[in-house]
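Data first, discussion second: the structure below is written as structure tokens.
The values are calculated or read from the model by the stated rules, or taken from the named source; none is laboratory data. Worth saying up front: this structure is predicted, and the values here are computed from it rather than measured. Counting neighbours? That spans all protein chains shown, and the Cβs are built from the backbone with ideal geometry, glycine included. These accessible areas exclude ligands, DNA and RNA; they are computed on the full protein's heavy atoms, side chains included. Shrake-Rupley method; radii C 1.70, N 1.55, O 1.52, S 1.80 Å.
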Amino acid sequence: MTSDDRWGADTPRDRHVYCDDTYWYKVWGPDYLAKSGCFYGNQYKLLGDIKEPHGFAVGFFSENIASAFVSYIYDENEKVRGYVTRAGTMSQVIPNDFVEAVFNACVRSGWVFSDLGWKNVITVDGRPSLIDFDSHLASLAHLDLEFEEASGALRPHVAPRFRKLLRSYFDDQ
């Protein structure tokens, strides 16, 4: 098993990624909040100890956009401390139909995924899948576009097609 410590214990986020030929394991350290909150406009709302990450709790993630997901990793207190995904391959290109599926999940659930960048999408069995199940979500009804440009779904590294779809959604409202 190998470890990717890009997000290791020497950083404030305290999270690690391990992998073998079959699975990737993302494990959060004891001080990592595991995204137990979400954004309403530019205000972060803490949700408290969670039994499942917010994106699953509100129905944002589905087999359609998260087929790599296998299971959560729990600690001795049954608090989510990470997750397991099937191993896959990364590409710097996110297919437009997948971007549109993620956008449709945002509209359907009422929550916007904040980090649709190529590093958070893998291909498993020929299908793209999100792998960052602890990214913050923002309330679609309360989205603050200025805040999202600085800290959320409209940042420069987010897929351009996704940013365009979000902007169009608000232009149509």
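Which pairs break 24 Å Cα to Cα here: 119/164; 45/164; 26/164; 79/119?
45/164; 26/164; 79/119
If you plug each phi of the stretch 129-137 into the Karplus form 6.51 cos²θ - 1.76 cosθ + 1.60 with θ = phi - 60°, what whole-Hz ³J(HN,Hα) values come out, in order, with x for Gly and Pro?
8, 5, 10, 9, 7, 10, 5, 5, 10
Which length gain, in nm to one decimal place, applies between residue 14 and residue 79 when the Cα-Cα distance is subtracted from 0.36 nm times their residue separation?
The residue 14-residue 79 span can extend by a further 21.8 nm.
What is the magnitude of the charge dipole of the stretch 65-169 about its Cα centre, with +1 placed on the Cβ of each Lys and Arg, -1 on the Cβ of each Asp and Glu, and no other charges, expressed in debye to the nearest 20?
Rounded to the nearest 20 debye, it is 340 debye.
Given a 1.4 Å probe and every protein chain left where it sits, what share in percent of the accessible area of the stretch 53-173 is carbon and sulfur?
48
Please list, in order along the stretch 144-151, the HN-Hα scalar couplings obtained from phi with the Karplus expression 6.51 cos²θ - 1.76 cosθ + 1.60 (θ = phi - 60°), rounded to whole Hz, x for Gly and Pro.
For the stretch 144-151, the Karplus curve yields 9, 4, 5, 5, 5, 5, 8, 9 Hz.
Quick one: length gained pulling residue 169 to residue 42 fully straight, 0.36 nm per residue minus the C-alpha distance?
Full extension of this stretch gives 43.9 nm more.
Please list 125, 132 from largest to smallest accessible area, probe radius 1.4 Å, with all protein chains kept in place.
These residues rank, largest area first, as 125, 132.
Which GluC sites (Glu not before Pro) does the stretch 71-136 hold that lie in a coil by DSSP with at most 13 other beta carbons within 10 Å?
Those that pass, being in a loop and sparsely packed, are 76, 78.
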